[in-house]
1. So residue 26 fits all but one of (1) surrounded by 16 or more Cβ atoms within 10 Å (Cβ to Cβ); (2) free of Cβ contacts under 8 Å to residues at least 60 places away in the same chain; what number is the exception?
2. Residue 214 is checked against (1) farther than 21 Å from residue 87 by Cβ; (2) under 20 Å from the mean Cα position of the chain (by Cα); (3) surrounded by fewer than 22 Cβ atoms within 10 Å (Cβ to Cβ) and fails just one. What number does that condition carry?
3. Pairs, please: C-beta under 9 Å, at least 6 apart or cross-chain, first residue closer than 15 Å to residue 248 by Cα and in the range 349-378, second in a loop (DSSP other than H, G, I, E, B) and away from the ligand (no atom under 11 Å from the Cβ)?
4. Scan (1) within 16 Å of the ligand (Cβ to nearest atom); (2) surrounded by fewer than 24 Cβ atoms within 10 Å (Cβ to Cβ) for the single condition residue 146 breaks and write down its number.
5. Consider residue 160 carefully, then state whether it is touching a residue at least 40 places away in the same chain (Cβ under 8 Å), under 27 Å from residue 108 (Cβ atoms), within 15 Å of the ligand (Cβ to nearest atom) and in a loop (DSSP other than H, G, I, E, B).
6. Only residues that are assigned to a strand (DSSP E or B) and β-branched (Val, Ile, Thr): list them for the range 186-227, please.
7. Taking residue 230, is it crowded, with 21+ Cβ neighbours inside 10 Å, touching a residue at least 60 places away in the same chain (Cβ under 8 Å) and in contact with a His (Cβ under 9 Å, 6 or more places away or on another chain)?
8. When the residues of the range 176-207 are narrowed to those that are free of Cβ contacts under 8 Å to residues at least 40 places away in the same chain and away from the ligand (no atom under 15 Å from the Cβ), which ends up nearest to residue 356 (Cα to Cα)?
Amino acid sequence: MGFELTEEQMLIQKVAQDFAIAEVEPIASETDLKGIYPEAIVKRLGELELMSIPYPEEYGGGGADYLSYALVIEALARSCASTAVIVLTHHIMQYPIVKYGTPDQKTKFLPRLTSGKEMGGFALTEPSAGSDAGNMQTTAVLDGDHYVLNGNKCFITNGAVANLMVVFAKTEQGIGTKGVSAFIVDKSVSPWEVGKHEDKMGVRGSYTTDIIFKNCRVPKENLLGKLGKGFSYAMDALDGGRIAVGAQCVGILQACLDESVAYAKERKQFGKPLAANQAIQWMIADMQKDVIAARLLVLNAAALRDAGKPCSLEAASAKLFASEAAMKHSVKAIQIHGGYGYMRGMKVERLMRDAKITELYEGSSEVQRMVLSRLALQ
Ligand SMILES: Cc1cc2nc3c(=O)[nH]c(=O)nc-3n(C[C@H](O)[C@H](O)[C@H](O)COP(=O)(O)OP(=O)(O)OC[C@H]3O[C@@H](n4cnc5c(N)ncnc54)[C@H](O)[C@@H]3O)c2cc1C
């Protein structure tokens, strides 16, 4: 399969690349060092119509494809992985509304999200239900015209800034994941508490918090799709999320290569540039190879999603390969930078801390291997 980009895809990619270079890159280091949510950047992304790229225009979305979305996430992550995860979480949250929501739900909630004026979150993980997300304890009990939600979600990206959240909760006990349902929770109608704010190693510009539901009354019309189908909706959304995290990794990988090439040409030791040494050339060669391979895996999975074909295998492959490559090569990028690369404020040091999370969220590397081996062996 080839990836000759269409004119529209190239245009969207250019808008994102130009914006990342002009507005994201200059503040990326400060965003990371101070752990500040880049509010102005998110507002600008809304103005540029990059907060809802593959979703329908009739609800304010970009009306583009998943492949364009992957290109945008790559461009953002090349400058700032925090910005990329804020945007991709906002997208993964909209997906189940677009795919499984009623016309009323779409009309009511999507324009608030597609404009980027309000932020979205995706609340699946709980303290005792991480990789084993189906073991969640949060409950939703019908009481008249409302479902009453009780429980704690943890590690929720955008948790502190979101007004709308897709929340997964048990509506029936004792039947495992078939008892999980999905809800659209609107904070202005059904307030939740924002709990602990995590102080993280990487993606420090994105806020990660606990979300607590205490007798949170959600109108019953906010049930998303069918009762008991929530877990399958979450897994479907995560296929797309894994493509987006894969794209985030490609951006990190490309940035490792950019930084390494520039430094290896500029820094001289033993009377010649570092780049004149074969040991350094080989690290750069391996980086280059994996940037291409990771990008192709991500675009392949995105193209399948655009074609409406199953892509669990390809999305897991892309995410697993790209995240492990990003981790490996961010360490090599520091190696090429020597002691300077180890210093706070150097881009390669940030890239390494940002790369690590990609092996953990949206399903850890072990979970991707579980998905891949199950599909291969079935
Ligand atoms: C910064 C950040 C942002 C996040 N954002 C969100 C969000 O927006 N929404 C959301 O719902 N969640 C979010 N998460 C949660 C994330 O998806 C989970 O952290 C992840 O799924 C892993 O769960 P866990 O941390 O509980 O690890 P655990 O499940 O406890 O796993 C610990 C380790 O054991 C391994 N492991 C577990 N089970 C097995 C097995 N059967 N075989 C082999 N190895 C195994 C795992 O791979 C991992 O290495 C976020 C997490 C972080 C850190």
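1. (1)
2. Against the list (1) farther than 21 Å from residue 87 by Cβ; (2) under 20 Å from the mean Cα position of the chain (by Cα); (3) surrounded by fewer than 22 Cβ atoms within 10 Å (Cβ to Cβ), residue 214 comes up short only on (2).
3. The qualifying pairs are 350/80; 350/344; 354/80.
4. The single condition residue 146 does not satisfy is (1).
5. Spelling it out, residue 160 is indeed touching a residue at least 40 places away in the same chain (Cβ under 8 Å), under 27 Å from residue 108 (Cβ atoms), within 15 Å of the ligand (Cβ to nearest atom) and in a loop (DSSP other than H, G, I, E, B).
6. Residues satisfying the conditions are 194, 208, 209, 211, 212, 218.
7. no
8. Result: 193.
Just so you know, all these numbers are worked out from the coordinates, no wet-lab data involved. What you are looking at is a predicted structure, and each value in this text was computed from that prediction instead of being measured. Note that each Cβ is placed from the backbone with ideal geometry, even for glycine, and that neighbours are counted across all protein chains shown.
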